[in-house]
Structures are given as structure tokens and as C-alpha cells.
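Asker: Dumping the structure here so I can ask a few things about it.
The values are calculated or read from the model by the stated rules, or taken from the named source; none is laboratory data. The shown structure was predicted, so the numbers you read here are calculated from the model rather than taken from an experiment. Please note: Cβ atoms are built from the backbone with ideal geometry, for glycine as well, and neighbour counts cover all protein chains shown.
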Amino acid sequence: METMSLNAETVSSPASVADARDTARDFVAGLARPVAADAADTVVLVVSEHVTNALRHGGGTCALDLTEHPGSIEVAVHDLSTHAPQMRTPDLHGDTGGFGWPMVNRLAHATYVTHSSAGGKTVSAFLPR
């Protein structure tokens with residue numbers, strides 16, 4: 001089982017999200033058991049969505065953990081907020097979003113939100129290999 005982590009310790013900056021996407025691409029490319037190109041793209045997309053939301057709504061810092069499992073790739077993002085992601089009506093005018101969490105739930109085998117006793121939460125998505 002392969003694990004790789006990235007700490008995005010700066011406030012919401014596009015560079016942090018871009019670094020997270022690059023880390024996800026490197027992680028998937030470095031796996032001993034290759035994944036299909038569309039599965040790799042899905043991992044990168046979910047990393048981008050999770051990290052963007054964590055930086056935007058989760059207190060300005062986050063940590064990304066990527067883990068290979070036999071049938072899936074786990075994307076887990078830890079942030080300082082205790083508020084779980086919510087399904088909401090997407091904003092079709094582009095002002096407030098609302099597309100990401102439903103999209104992640106459609107792409108993933110499973111999603112979980114766990115709260116830390118030290119504060120904050122982890123949002124995890126298990127994606128098909």
C-alpha cells in the first residue's frame with residue numbers, strides 16, 4: 001500500500017491547489033499497479049475539489065493524504081473546520097458553486113467525513129482504480 005502526503009500550509013492560494021494536483025498526478029503515476037487514465041484524471045479532479053474547498057471553507061490550511069488500496073485510491077483532506085460538506089442547489093449563475101460535493105459523491109465508491117477530537121475534520125473519498 002502506497003501513501004503520500006502534502007501539507008498545504010498557506011492560506012487559499014491557487015498555487016497550493018495546483019501543487020496538490022501535481023502531487024496527485026505524481027502519486028498516481030508512481031503507483032506500482034498503474035491505473036487507467038480516466039481514473040487518474042478523476043483522482044486529480046477530486047483532489048482539486050477537496051483542497052479548494054478545504055482552503056476556502058476549512059480554515060485556510062489543509063493536509064492532503066493519498067492512499068492506494070487494492071480496489072481504490074483514497075483522497076483524504078484534513079482541515080480545521082468542524083462543518084461537514086453539504087449538498088446544496090448548484091448556483092447556475094456561477095457565483096457560489098454547489099457543484100463539487102455532489103460531483104465527488106457521484107465519482108466515488110464512498111465518501112466519509114470524520115471529526116477529530118483535536119478539532120477539525122477529514123473528508124475522504126474512495127475512488128475506483
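Asker: Would you mind stating whether VAL35 is within 20 Å of SER16 (Cβ to Cβ), of a type in the set (A, V, I, L, M, F, W, C) and either modelled with pLDDT under 90 or touching a strand residue (DSSP E or B) at 6+ places or on another chain (Cβ under 8 Å) (or both)?
Answerer: no
Asker: Of these, VAL51, VAL75, VAL113, VAL35, which one is in a helix (DSSP H, G or I) and within 22 Å of PRO128 (Cα to Cα)?
Answerer: Values: VAL75 fails: in a helix (DSSP H, G or I); VAL113 fails: in a helix (DSSP H, G or I); VAL35 fails: in a helix (DSSP H, G or I).
That would be VAL51, the only listed residue that is in a helix (DSSP H, G or I) and within 22 Å of PRO128 (Cα to Cα).
Asker: Show the residue pairs that are 6+ apart or on different chains and have beta-carbon atoms under 7 Å apart, the first residue being within segment 65-92 and acidic (Asp, Glu), the second being modelled with pLDDT of 90 or more and part of a loop (DSSP other than H, G, I, E, B).
Answerer: Close Cβ pairs satisfying both conditions: GLU68/LEU31; ASP79/GLY120.
Asker: Considering segment 110-129 alone, what residues qualify as being surrounded by fewer than 17 Cβ atoms within 10 Å (Cβ to Cβ) and touching a Gly at 6+ places or on another chain (Cβ under 8 Å)?
Answerer: Selection gives PRO128 alone.
Asker: Right, another one. So which residues in segment 50-65 are of a type outside the set (Gly, Ala, Ser) and either at pLDDT below 85 or surrounded by 23 or more Cβ atoms within 10 Å (Cβ to Cβ) (or both), if there are any at all?
Answerer: Once the filter is applied, which keeps residues that are of a type outside the set (Gly, Ala, Ser) and either at pLDDT below 85 or surrounded by 23 or more Cβ atoms within 10 Å (Cβ to Cβ) (or both), segment 50-65 yields HIS50, VAL51, LEU55, ARG56, HIS57, THR61, CYS62, LEU64.
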